[in-house]
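To start, the structure under review is shown below, and the notes come after it.
The values are calculated or read from the model by the stated rules, or taken from the named source; none is laboratory data. Quantities reported herein were computed from a predicted structural model and do not represent experimental measurements. Ideal geometry is used to build each Cβ from the backbone, glycine not excepted, and the neighbour counts take in all protein chains shown.
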Amino acid sequence: MVAAVSIKSLNKTFSSGRRALQEINIHIEAGEMVALIGASGSGKSTLLRHMAGLMAGDALGQGAIEIHGQTIQAQGKIAQDIRKTRSGVGFIFQQFNLVDRLPVIVNVLAGTLHRIPLWRSLLRWFTQSELAQGIEALKRVGIEECSFQRASTLSGGQQQRAAIARALVQGAKVILADEPIASLDPESSRKVMDILAKVNREDKCTVVVSLHQVNVAMKYCPRTIALNQGRVVYDGPSLALTPTLLRALYGADADDILALGDHISSLQDAKTPVPHLVHSSHAGQRELLAFAA
């Protein structure tokens, strides 16, 4: 079976000489929900941008990235047919990336641009079927009533949900979310993470999400990949990420990561846990939750 994401020997060195990514080798199966964690500057955003073909790795070596068997980049060169491959990859930015002056529905229907004629996209002319698809996507993320408002009138959480709706309309099989809750309040953060988990579960869509909060990763993502100074230092079950292990991986930087508690949980979580963690009672989760408390 072809992997959803395959990264081999990826390196990235910036012009300043700083090595942002070092020998990254990652294999993600279709339908997984994976968290990327690490302190600021660890390489999370850089790695996601490479996966989306927005940045190219070092030319030297055999670095390569494939999405569902299609080449994104190899040996420091973005694939020539990247637009076609990228049409199946939804990217959720921390700052939403909506056009403020346009209606929400138009922003969402930007997800169709890879499959409609150029003249229609320039005129913003969409069929009734496409409009219905966009409104249905907004309904799935809980903001269909905002369809014809200007994007600038939405709250940050609503804008992030509109960005997810755009990925749904796009028909993305892989969603890359770059710290999607970093600038949101607790309730908005909860809704965004719940939606990403639901899309992963119901649509069998592969989701890779970068997060600062370890507890959030444990709550929503069965698997976590931890980065430190551009290297993968852990790749395994999220529930094994105890404070003891994190300190072994990050040293003094672990305190900065552990200080960011799970700000989106509530007492109701015991009654309505995230589905993939319903049967979990791993000691690592208990230790981390006790530490955060």
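Assorted remarks:
Residue-by-condition table, conditions (1) in contact with a Pro (Cβ under 9 Å, 6 or more places away or on another chain); (2) under 23 Å from residue 210 (Cα atoms); (3) modelled with pLDDT under 95:
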{"position": "131", "(1), (2), (3)": "no, no, yes"}
{"position": "140", "(1), (2), (3)": "no, yes, no"}
{"position": "145", "(1), (2), (3)": "no, no, no"}
{"position": "153", "(1), (2), (3)": "no, no, no"}
{"position": "158", "(1), (2), (3)": "no, yes, no"}
{"position": "162", "(1), (2), (3)": "no, yes, no"}
{"position": "165", "(1), (2), (3)": "no, yes, no"}
{"position": "171", "(1), (2), (3)": "no, yes, yes"}
{"position": "175", "(1), (2), (3)": "no, yes, no"}
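- Complete set of residues in region 72-91 that are over 20 Å from residue 61 (Cβ atoms) and basic (Lys, Arg): 83, 84, 86
- Restricting region 1-40 to residues that are among the hydrophobic types (A, V, I, L, M, F, W, C) and surrounded by fewer than 14 Cβ atoms within 10 Å (Cβ to Cβ), the residue that is farthest from residue 77 (Cα to Cα) is 1.
- Filtered residues of region 164-186 (kept if surrounded by fewer than 20 Cβ atoms within 10 Å (Cβ to Cβ), touching a residue at least 40 places away in the same chain (Cβ under 8 Å) and more than 15 Å from the chain's Cα centre (by Cα)): 171, 186
- Scanning region 4-27 for residues that are within 17 Å of the chain's Cα centre (by Cα) and more than 14 Å from residue 232 (Cα to Cα) gives 4, 5, 6.
- Region 97-106, subset over 21 Å from the mean Cα position of the chain (by Cα) and part of a loop (DSSP other than H, G, I, E, B), residue surrounded by the fewest Cβ atoms within 10 Å (Cβ to Cβ): 101
- Test result for residue 185, under 21 Å from residue 4 (Cα atoms) and of a type in the set (Asp, Glu): no
- The sole residue among 182, 217 that is farther than 17 Å from residue 29 by Cβ and touching a strand residue (DSSP E or B) at 6+ places or on another chain (Cβ under 7 Å) is 217.
- Here the strands (runs of 3 or more DSSP E) wholly within region 38-96 that include at least 1 residues being charged (D, E, K, R) and closer than 17 Å to residue 3 by Cα are 64-67.
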